[in-house]
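S.K.: Supplied in structure tokens, the structure appears directly below.
Throughout, read-outs are computed from the coordinates displayed, never taken from laboratory work. The shown structure was predicted, so the numbers you read here are calculated from the model rather than taken from an experiment. Neighbour counts run over all protein chains shown; Cβ positions are idealised from the backbone, glycine included.
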Amino acid sequence: MDRGQQPENRVQIPIRVDADIVTARRGARELAAKIGLTPTELTVLATAVSEVARNIVRFAGSGQIVVELVDQPRRGVCIVARDAGPGIADVEQALKDGYSTYHGLGLGLPGARRLMDEFSIVSEVGRGTTVTMTKWGREG
């Protein structure tokens, strides 16, 4: 899959503090606007990015988010959020609405999954977590 080799089609945002969440949101929105996502789609994308970035700050302490325009199988935006934090012991449980390890609402990961067209998470306890999610543009 062509993940967009041109630098203007990709942004990488280090995530360490709350302010980086805003930077990641903005970066994702600006890049996604290039492929003509609607204002509503841009808001949905930014919300999903916020959720995974917030998890990096809260649980891992640091990580990165890469936002990239893709062309195959059609135009879209792929987000990869990666950290080397403690990992998630039970990914299936973490993806259930209402499950929280810090007394929150438990809507972050399941919410991000619902907002995006594709969503996958790979996590290993003691090694970290990678969330990959894609929002596809309209065909035509």
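S.K.: Roughly what angle does helix 18-33 make with the longest principal axis of the chain, taking Cα atoms, 0 to 90 degrees, to the nearest 10?
M.R.: 30 degrees
S.K.: May I ask you to list the residues of region 39-74 whose amide nitrogen lies under 19 Å from a point 7 Å from Cα along the Cα→beta-carbon direction of Arg114?
M.R.: Only 40-55 fall inside the zone, counting backbone N under 19 Å.
S.K.: Using just the helices of the chain, give the 222 nm mean residue ellipticity in deg cm²/dmol: DSSP H runs with n ≥ 4 each add -39,500 (n - 2.57), and the total is spread over all residues, rounded to 500.
M.R.: Numbers: 4 runs with 45 residues, N = 140.
Mean residue ellipticity at 222 nm (helix-derived): -10000 deg cm²/dmol.
S.K.: What percent does the relative contact order of the chain come to when contacts are Cα pairs within less than 8 Å and at least six residues apart?
M.R.: Relative contact order comes out at 26 percent.
S.K.: For a Förster distance of 22 Å, can you work out the FRET efficiency between the beta-carbons of Val17 and Ala89, rounded to the nearest 0.05?
M.R.: With R0 = 22 Å, the Cβ-Cβ based efficiency is 0.30.
S.K.: Another question, then. Which value, in nm² and rounded to one decimal, describes the direction-averaged projected area of the C-alpha convex hull of the chain?
M.R.: It is 8.1 nm².
S.K.: Can I ask one more? Compute the signed sum of charges (Lys and Arg +1, Asp and Glu -1) over the other residues within less than 11 Å, Cβ to Cβ, of Ile21.
M.R.: Cβ neighbours under 11 Å give a net charge of +2.
S.K.: GNM on the chain, C-alpha springs below 10 Å: top fluctuator among Gly108, Gly63, Gly126?
M.R.: Top of the fluctuation ranking is Gly126.
S.K.: To the nearest 10 degrees, how steep is helix 39-55 against the longest Cα principal axis of the chain, on a 0 to 90 scale?
M.R.: Approximately 30 degrees, to the nearest ten.
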